[in-house]
Amino acid sequence: MSINTGKVSGSGATQAYYQNLNAKRNGSGAAQEAKAAAGDSYSAGDAGGPKGVYSKDAASVQKLWEMAEARTASMRGAVESMVGGTSGPNGQTFWASAATSGTGTSYAGSFLVDKATQDKAKELISEDGYFGVKKTTERIMDFAKALAGSGADEKTIEKLRGGAKAGFDYVANLFGGFDKLPDVTKDTYDAVMKSFDDWASGAKVTA
């Protein structure tokens, strides 16, 4: 934060007051440089005139917006990968399809799996399996919280929720609609949305 002292005017006592106030707000040395680099500014205003005005320059606002959009895109990509998207055997829906099809058709096209592979697929999407509801939800939410950082506000959480929804939508479109997704993926979506609800509620309490 940089202080514009050029607008301070008035008696010597008034100037001294504002200079002291500015010093407290502004800090000094490295702290002052860091604040100035952030693009913030504070003008104390003329004596007897309007109160001080705080502003953030357009470049800083644009940068913050771009960072938020990048987080949303990263969230979408992570969900696409973890849930199924184009990731093949690294995705939940691949193993859900392998566990139930056996003879041939899945979102990836026609393929055959032997019994051993089908048994492995059933294990992977089970309650405690790596691609089951619980663990897939945990990975998605861990990624979201890593993107948000500590002390995430409700707005940031909702942006990340939007990214997660977009990822699920992408996978659902590959199947021809949400209703055609494997049950384990539908349940994962519900669990992820509930986790975002809980996270947002916690952010409201601490705000």
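The values are calculated or read from the model by the stated rules, or taken from the named source; none is laboratory data. The structure displayed is predicted, hence computed values, not measured ones. Heads up, the Cβs are rebuilt from the backbone with ideal geometry, glycines too, and the neighbour counts pull from every protein chain shown.
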### Task
Select from the stretch 109-126 the residues that are part of a loop (DSSP other than H, G, I, E, B) and more than 16 Å from residue 82 (Cα to Cα) and list them in ascending order.
111, 112, 113, 114
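For every residue, the table says whether it meets (1) crowded, with 17+ Cβ neighbours inside 10 Å; (2) closer than 12 Å to residue 83 by Cα.
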{"site": "144", "(1), (2)": "yes, no"}
{"site": "148", "(1), (2)": "yes, no"}
{"site": "154", "(1), (2)": "no, no"}
{"site": "162", "(1), (2)": "no, no"}
{"site": "168", "(1), (2)": "yes, yes"}
{"site": "173", "(1), (2)": "no, no"}
{"site": "176", "(1), (2)": "no, no"}
{"site": "182", "(1), (2)": "yes, yes"}
{"site": "185", "(1), (2)": "yes, yes"}
### Task
Filter the stretch 132-170 down to residues that are under 14 Å from residue 192 (Cβ atoms) and assigned to a loop (DSSP other than H, G, I, E, B), then give me how many there are.
1
### Query
Name the pairs whose Cβ atoms lie under 7 Å apart, with the first residue in the stretch 175-197 and more than 12 Å from residue 136 (Cβ to Cβ), the second surrounded by 12 or more Cβ atoms within 10 Å (Cβ to Cβ) and among the charged types (D, E, K, R), and 6 or more positions between them or separate chains?
196/161
### Task
Among the residues of the stretch 179-198, write down those that are at pLDDT below 95 and in contact with a helix residue (DSSP H, G or I) (Cβ under 7 Å, 6 or more places away or on another chain).
181, 182
